[in-house]
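Here is the structure we will look at.
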Amino acid sequence: MTRVYSLLGVIGCLILGLDQWTKQLALESLRFEGETKGFLSWWSWTLVHNKAAAFGIFSSLPFVDSDAVRIAFLLAVPLVVLGLLWYFYIRHFKNAENFRPAVMGLVVGGAIGNLIDRIRFGYVIDFIDWAYPTAAKTCIPLFFMGNEGGACHWPVFNVADSAISVALVLLILEPMFLKNKDA
């Protein structure tokens, strides 16, 4: 069982370290919220202080304007989720498993990375901005029209958000990856 927790811990620490390092780079490169540095036509860094949940979810809800309620809610949610993950999922790993502990390492590292930001700043540092140009005034689903009007953007995110999203996709696809393992 120690090996399973070690795998989860190593991956969690790698994600946490990468997340905090890239956020520090973004803070050093971008001095104020909304500042952008382009790298490729479809990728830039744009500093966003995300006071809501991942990808800005819940940003339009009224409680987000109240700092005390917002911070309490957004600190409590990751702690409760991590507790529930441990109680219902992580503590039941078998010693021979690799896939699920690795995936949970992504979740734990990402959740702790964003939790550190909420404790440190009261918001999460987001900076990865993906966009594609469009002549039409509509975007494909999950993208939104940017302020400049000529590009569709994915909500700005960070390494922690990416790790959690990849983990969720892997958990959804797990039956396909491991379908013959028990046969």
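Nothing in this text is a laboratory measurement; each read-out follows from the coordinates by a stated rule. This is a predicted model, so every value here is computed, not measured. Neighbour counts run over all protein chains shown; Cβ positions are idealised from the backbone, glycine included.
Can you work out the FRET efficiency for the pair PHE177 and TRP21, with r the C-beta to C-beta distance and R0 = 25 Å, to the nearest 0.05?
0.30
Kindly state, to the nearest 0.05, the FRET efficiency for VAL77 paired with LEU40, given R0 = 30 Å and r defined as their beta-carbon distance.
Once the sixth-power term is evaluated, E becomes 0.35.
Using the number of other C-beta atoms within 10 angstrom as an exposure proxy, rank ARG118, ARG31, ARG100, ARG3 with the fewest first.
In increasing order of surrounding Cβ atoms, one gets ARG31, ARG3, ARG118, ARG100.
Quick check: pseudo-label points 7 Å beyond the Cα along Cα→Cβ at SER29 and THR2, how many nm apart are they?
With each label placed 7 Å out from Cα toward Cβ, I get 4.1 nm.
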